[in-house]
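J.: The following block contains the structure, expressed as structure tokens.
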Amino acid sequence: MAKKTRRTTTDAEPPPRLKQRARKDTVAELQEETAQTGQKQTDKGPTSFYLLKSEPHEFSIDDLASRKDQTEPWDGVRNYQARNIMRGMKLGDRAFFYHSNCKEPGIVGICEVVCEAYPDSTALDPSSEKHDPKSTAEDPRWYMVDVKLVRKLARLVSLQELKKFSDTDLKGMVLLSKGRLSVQPVSTEQWEFVLGLEKQEPQEAAK
């Protein structure tokens, strides 16, 4: 059976103008350089937080847990805003793993960036559903990061539950205002609040 791969299907926007990026001979060369740079980076400042959306029938948190070293490239992003957010991710940054387009969407776990952005190989592969003929090894258009599972949450923190705080503690959270964006920034205050919800019973948290 074919390997289950990460695919993002919630992004949609017209492409803006692209900035010219320094060229590399091959994707492998750039990926290797990125990984080496990331491994050497020891002082990047405070941790930044994000939210990554994935449809569980395509790639779930259990799939991430089953991967070697519980690590997987987060590929398939085809939205320029989401791509730009992803390219800003640094080694050690953390993200909520969010199940989308399912019976009960919500945050199910936490993962960590273990390799910073490098060209998305699915965009370069003609056999991939996510192939983009305008993206080349010399001038890649799309990027991905490698993420490693930190842990599953003790319980699902559902979208319905999060919406109850959209005018209070989670006011301004991207998930609640631009829900279709598959890669989203999360503030430190929002991150800590969601982790606080995890420790409560759903009925108690929603009061």
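The numbers here are math on the coordinates, done by the rules we state, and not lab data. Computed from a predicted structure; not experimentally measured. Glycine also receives a Cβ, built like all others from the backbone with ideal geometry; neighbour counts cover every protein chain displayed.
J.: Just want the ordering: Lys164, Lys68, from fewest to most Cβ atoms lying within 10 Å of their own Cβ. The partial results should precede the final answer.
T.: Details: Lys164 15, Lys68 6.
So the residues, fewest neighbours to most, are Lys68, Lys164.
J.: If amide H atoms are built 1.01 Å from N in the plane of the peptide, which residues on other chains or at least 5 residues away come under 5 Å of the amide H of Ser100?
T.: Here Ser54, Glu55 satisfy the definition.
J.: Under the Karplus relation 6.51 cos²θ - 1.76 cosθ + 1.60, θ = phi - 60°, what is the ordered set of whole-Hz ³J(HN,Hα) values for the stretch 103-108, x standing for Gly and Pro?
T.: 4, 9, x, x, 7, 10
J.: For Lys90 and Ser127 in the same chain, what is the full-extension length gain: residue separation times 0.36 nm, less their Cα-Cα distance, in nm? Could you put the intermediate results ahead of the total?
T.: On the way: separation 37, 0.36 × 37 = 13.32 nm, distance 3.01 nm.
Working it through step by step, the gained length comes to 10.3 nm.
J.: Next question, about the same structure. Is the C-alpha gyration tensor of the stretch 38-135 telling us rounded, prolate or oblate? Criteria: a/c under 1.5 is rounded; beyond that, a/b larger than b/c is prolate, otherwise oblate. Provide the component values of the computation, followed by the final result.
T.: Details: a/c = 1.60, a/b = 1.09, b/c = 1.46.
Note, shape of the stretch 38-135 comes out oblate.
J.: Of Cys115, Cys102, how do they rank once you tally other Cβ atoms within 10 Å and put the fewest first?
T.: On the way: Cys115 22, Cys102 12.
The order, fewest Cβ neighbours first, is Cys102, Cys115.
J.: Expressed in nm to one decimal, what extension gain is obtained for the pair Lys152 and Asp167 from 0.36 nm per residue of sequence separation less their Cα-Cα distance?
T.: On the way: separation 15, 0.36 × 15 = 5.40 nm, distance 2.71 nm.
The span from Lys152 to Asp167 would gain 2.7 nm if fully extended.
J.: Another question, if that's okay. If each residue's Cβ is checked for other Cβ atoms within 10 Å, how do Asp146, Asp132 rank with the fewest at the top? Walk me through the numbers on the way to the answer.
T.: Details: Asp146 23, Asp132 16.
The order, fewest Cβ neighbours first, is Asp132, Asp146.
J.: Rounded to the nearest 20 debye, what is the charge dipole size of the stretch 27-205 about its Cα centre when +1 sits on each Lys and Arg Cβ and -1 on each Asp and Glu Cβ? It would help to have the intermediate numbers written out before the result.
T.: On the way: 24 positive and 30 negative charges, 89 e Å.
Once rounded to the nearest 20, the dipole reads 420 debye.
J.: If the limit is 30 Å between Cα atoms, which of Lys130/Lys171; Lys68/Lys163; Lys53/Lys171; Lys134/Lys163; Lys103/Lys171 go over it?
T.: Lys130/Lys171; Lys68/Lys163; Lys134/Lys163
J.: Enumerate the amide H contacts of Val186 below 5 Å, restricted to partners 5 or more residues apart or on another chain; note that Pro and chain-start residues carry no placed amide H.
T.: The list, which skips near neighbours in sequence, is Phe49, Tyr50, Leu51.
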